[in-house]
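The values are calculated or read from the model by the stated rules, or taken from the named source; none is laboratory data. Treat the numbers as computed from the prediction; the structure is a model and nothing was measured. Note that we place each Cβ from the backbone using ideal geometry, even for glycine, and neighbour counts take in every protein chain shown. Protein only, heavy atoms only, side chains kept; ligands, DNA and RNA dropped before computing areas. Shrake-Rupley method; radii C 1.70, N 1.55, O 1.52, S 1.80 Å.
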Amino acid sequence: MSGMISVLNPMAYPPKIKQIGMATRPESLEGRTVYLVDCRFDDGDILMRQMAGWFADNLPGVNVEVRRKDNVYTKRDDALYEEIQERGDAAVIGVGH
């Protein structure tokens with residue numbers, strides 16, 4: 001077998017992104033609304049319910065809203081994110097195992 005062969009490099013280049021800082025943290029969650037969002041990834045709903053239970057037991061003054069995205073975890077749920085932005089003070093976007 002003689003001759004030349006072409007080989008392609010499968011390594012890609014990540015897209016350029018604009019980094020932004022983290023949101024400022026409130027001094028306390030007391031009296032605030034925290035959204036716990038299930039992204040519809042394996043058992044994320046179980047995790048969010050457990051977290052809601054933790055809040056109920058340990059921080060009862062926090063209003064907890066458990067929500068589930070309306071589509072698979074790779075798709076945005078703009079209506080939900082707008083609701084969180086308008087009514088929420090914090091959000092945990094979580095996935096299962």
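Under the classification rounded if a/c is under 1.5, otherwise prolate if a/b is larger than b/c and oblate if not, where does the stretch 17-90 fall, given a ≥ b ≥ c as square roots of the Cα gyration tensor eigenvalues?
Judged from the Cα gyration tensor, the stretch 17-90 comes out oblate (a/c at least 1.5, b/c at or above a/b).
Over the chain, with the other protein chains present, what is the accessible area per residue in square angstrom, probe 1.4 angstrom? Can you show the working numbers first?
Values: 8270 Å² over 97 residues.
For the chain, the solvent-accessible area averages 85 Å² per residue.
Arrange the peptides 19-25, 63-69 so that the one whose residues have, on average, the most other Cβ atoms within 10 Å appears first.
63-69, 19-25
Report, in degrees rounded to the nearest 10, the 0 to 90 angle that the Cα long axis of helix 44-58 makes with the longest principal axis of the chain.
The angle comes out near 30 degrees.
Can you list the residues, at least 5 places off or on another chain, whose amide H is less than 5 Å from the amide H of A91, using H built in the peptide plane?
Close amide H contacts, sequence-distant or interchain: Y35.
Enumerate the amide H contacts of V62 below 5 Å, restricted to partners 5 or more residues apart or on another chain; note that Pro and chain-start residues carry no placed amide H.
Counting only residues 5 or more places away or on other chains, the set is G31.
Just the number, please: carbon plus sulfur as a percent of the accessible area of the stretch 6-97, 1.4 Å probe, no ligands or DNA/RNA counted.
The computed percentage sits at 51.
Enumerate the calculated ³J(HN,Hα) couplings along the stretch 22-38 in order (Karplus 6.51 cos²θ - 1.76 cosθ + 1.60, θ = phi - 60°), each rounded to whole Hz, writing x wherever the residue is Gly or Pro.
Result, rounded to whole Hz: 6, 5, 5, 8, x, 5, 8, 9, 4, x, 9, 10, 10, 8, 10, 10, 7.
How far apart, in nanometres, would the label points at S28 and D42 be if each is projected 7 angstrom from Cα along the Cα-to-Cβ direction?
For the pair S28/D42, the computed spacing is 4.0 nm.
Determine the dipole magnitude for the chain: charges of +1 sit on the beta-carbon of Lys and Arg, -1 on that of Asp and Glu, nothing else is charged, the reference point is the Cα centre, and the result goes in debye to the nearest 20. Let's see the in-between values first.
Working: 12 positive and 15 negative charges, 97 e Å.
For the chain, the charge dipole is close to 460 debye.
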